[in-house]
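Everything below concerns the one structure shown next.
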Amino acid sequence: MTLLRSLFAALTVSLALVAVVPAASAQGLTAAQRAEVDRVEVYFNQLTTMRSTFLQASSNGLVARGVVWLQRPGRMRFEYAPPSPVLITADGLWLTYQDNELEQTTQIPLISSPLSVLVSDEVDLMDELIVEAVDKSANVLRLQLRQRDDPDQGTVVLTFQDKPLSLKQWVITDAQGVEVKVALLDPVFGLDLPADLWRPNDFGRPSDDVGR
């Protein structure tokens, strides 16, 4: 599986933490752990727009760079720098993966992607996911999460700068054990973003329309 396909697979798997000290399950979080989850929910719910360059690395040694844009609710764009031909967009309904070199498109409903929780109308981690661990040390906060409806699909680590709270990285491991790490390098928030960012390229009918 290439890095490009690995990313799209990772975007569609469940969320969970990869390598933090085990903590209580969502039903048994301490008051301090729940307070940290609440902070993260407030952080995401206050976030409107973001732009950042990113560095992506996979466990098979492949590396890519690009730019990510995000607008809540429901909109994302991952644009990869050459030589990668990949573009990933979300328009509020569909998450679309495109290989611009092959002119191929794959779509899934955005709601079925774990990253939809980051751009949902109201982020509620405890309701939508299983919070398996909360790890805080120095100026770093990490959350371990798992998809409630399909917990065996994969894992993610959400890593934040603690003070002030800011998302810095996520690591997703899919059901096949492929790990994809995405680090945000220079995030900027509260921008006015054009509507055409969320539109996929129009070069033919999707080759794999899931749910249509």
Complete set of residues in region 69-107 that are among the hydrophobic types (A, V, I, L, M, F, W, C) and surrounded by 20 or more Cβ atoms within 10 Å (Cβ to Cβ): 70, 76, 78, 86, 88, 90, 94, 95
If we keep just the residues of region 108-117 that are closer than 22 Å to residue 43 by Cβ and either over 15 Å from the mean Cα position of the chain (by Cα) or surrounded by 17 or more Cβ atoms within 10 Å (Cβ to Cβ) (or both), which is modelled with the lowest pLDDT? 114
Do you know which of the residues in region 155-192 that are in contact with a helix residue (DSSP H, G or I) (Cβ under 7 Å, 6 or more places away or on another chain) and more than 21 Å from residue 42 (Cα to Cα) is modelled with the highest pLDDT? 180
Only one residue in 201, 139 is at pLDDT 75 or above and either surrounded by 19 or more Cβ atoms within 10 Å (Cβ to Cβ) or under 29 Å from residue 31 (Cβ atoms) (or both), so which one is that? 139
Go through (1) assigned to a strand (DSSP E or B); (2) closer than 18 Å to residue 165 by Cβ and name the single condition residue 68 misses. (2)
Given the conditions (1) buried (at least 17 other Cβ atoms within 10 Å of the Cβ); (2) under 22 Å from residue 176 (Cβ atoms); (3) modelled with pLDDT under 80; (4) hydroxyl-bearing (Ser, Thr, Tyr), which single one is not true for residue 120? (2)
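Working only within region 62-94, note down all residues that are farther than 14 Å from residue 194 by Cα and polar (S, T, N, Q).
Correct list: 84 only.
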Filter region 19-43 for residues that are modelled with pLDDT under 90 and either among the basic types (Lys, Arg) or buried (at least 17 other Cβ atoms within 10 Å of the Cβ) (or both) and give the result. 20, 23, 26, 29
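The values are calculated or read from the model by the stated rules, or taken from the named source; none is laboratory data. Bear in mind that the values here come from a model prediction, so they are computed numbers and not experimental data. Glycine also receives a Cβ, built like all others from the backbone with ideal geometry; neighbour counts cover every protein chain displayed.
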